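Report on one structure; see the data block that follows.
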Amino acid sequence: MLSTLPRLIGHRGAKESAPENTLASLREAARQGAAWVEVDVMLTRDRVPVLIHDDTLERTTSGAGPVPDLTLAELKRLDAGSWFDTRFANETVPTLEEALGLIRKLGLGLNLEIKPYPGQDVPTAEAALDLLKRLWPGGLPLLVSSFEVPCLEVARDLAPDIPRGYLLWDPPADWAAIADRIGAATLNVHQDRQTAESVAAYRATGRPVLAYTVNDAARARTLFGWGVAGVFTDAPGRLAAELSEETLP
């Protein structure tokens, strides 16, 4: 599934141009020419996987409070687009099933980040993997990632054929051993915290390195020069155009 990793992956769709983790953002990423998109998944109170990044609703919806306090029906009544622009007033928080259907229709690869509400690592991973196994077509690239090792252990055990990306912010001392234990296919690292030496250490494990979140062409060129395989970007179209102005390393 990871025979080809794109240089640019749309972060939460194309969140510079549309409200993140919405169907509109996925369509915008495809319109901008993204080959892959990355989205976040969390559970509602009635254990339905939905696309949302934060533990709480305030930043990206008209609601308030923790995401798992609401059922899917209650969540669907919220406005998930007006905060970004009134043009997106009809956007709702999509279910993972809705998003998978659209991503398949658009022909995009997917990095699904399992981003559980605290204490819900295992059920969130189980619900997401169940849908992926049933609904994701074999012909499209797929990567499941998480900061939470229990989520990646569930992915390893329930769907061993789906590649796993180990997300790192402040890596533990034994990050390489953890990557081996969970069978990580990629190491997904924060771009601001990287140096040529850190990228070399990650690459020395034999795994591709993906960096998040990169919206500046000069920084992207630096990262590619260090051997980073791909970057997550809020602006896949803009960044692609800026990078095309010079030959990539």
In the stretch 225-237, residue farthest from GLU28 (Cα to Cα) [restricted to those that are touching a residue at least 60 places away in the same chain (Cβ under 8 Å) and open to solvent by 10 Å² or more (accessible area, probe 1.4 Å)]: ALA229
Lone qualifier among ALA176, ALA155 - being over 21 Å from HIS11 (Cα atoms) and buried (at least 23 other Cβ atoms within 10 Å of the Cβ): ALA155
Residue identified as in contact with a strand residue (DSSP E or B) (Cβ under 7 Å, 6 or more places away or on another chain), assigned to a helix (DSSP H, G or I) and surrounded by fewer than 19 Cβ atoms within 10 Å (Cβ to Cβ) among PRO123, PRO150: PRO123
Residue identified as in contact with a His (Cβ under 9 Å, 6 or more places away or on another chain) and either assigned to a helix (DSSP H, G or I) or surrounded by fewer than 14 Cβ atoms within 10 Å (Cβ to Cβ) (or both) among ASP170, ASP161: ASP170
Which numbered condition ARG221 fails, given (1) touching a Pro at 6+ places or on another chain (Cβ under 9 Å); (2) in a loop (DSSP other than H, G, I, E, B): (2)
Any hit, the stretch 238-248, residues being farther than 17 Å from THR4 by Cα, open to solvent by 30 Å² or more (accessible area, probe 1.4 Å), in contact with an Asp or Glu (Cβ under 6 Å, 6 or more places away or on another chain) and not basic (Lys, Arg): no
Only listed residue being open to solvent by 40 Å² or more (accessible area, probe 1.4 Å), in contact (Cβ under 8 Å) with a residue 40 or more places away in the chain and of a type outside the set (D, E, K, R), chosen from THR4, THR60, THR22, THR56: THR4
Scope the stretch 179-195; condition open to solvent by 10 Å² or more (accessible area, probe 1.4 Å), assigned to a helix (DSSP H, G or I) and not polar (S, T, N, Q); matching residues: ASP180, ARG181, ASP192, ARG193
Lone qualifier among PRO116, PRO137 - being in a loop (DSSP other than H, G, I, E, B) and free of Cβ contacts under 8 Å to residues at least 40 places away in the same chain: PRO137
Candidates ASP40, ASP46, ASP85, filtered to the one that is more than 20 Å from GLU97 (Cα to Cα) and touching a residue at least 24 places away in the same chain (Cβ under 8 Å): ASP85
Of all residues making up the stretch 63-97, the number that are surrounded by fewer than 19 Cβ atoms within 10 Å (Cβ to Cβ), part of a helix (DSSP H, G or I) and touching a Leu at 6+ places or on another chain (Cβ under 7 Å): 1
Conditions (1) closer than 27 Å to THR233 by Cα; (2) touching a residue at least 12 places away in the same chain (Cβ under 8 Å); number of the one not met by PRO123: (1)
Hits in the stretch 196-207 (condition: without any contact (Cβ under 8 Å) to a residue 12 or more places away in the chain and either within 13 Å of GLY230 (Cβ to Cβ) or surrounded by fewer than 12 Cβ atoms within 10 Å (Cβ to Cβ) (or both)): GLU197, ALA204, GLY206
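The values are calculated or read from the model by the stated rules, or taken from the named source; none is laboratory data. Predicted, not measured: the structure shown is a model, and the values here were computed from it. Glycine also receives a Cβ, built like all others from the backbone with ideal geometry; neighbour counts cover every protein chain displayed. Side chains included, ligands, DNA and RNA excluded: accessible areas come from the protein's heavy atoms. Shrake-Rupley method; radii C 1.70, N 1.55, O 1.52, S 1.80 Å.
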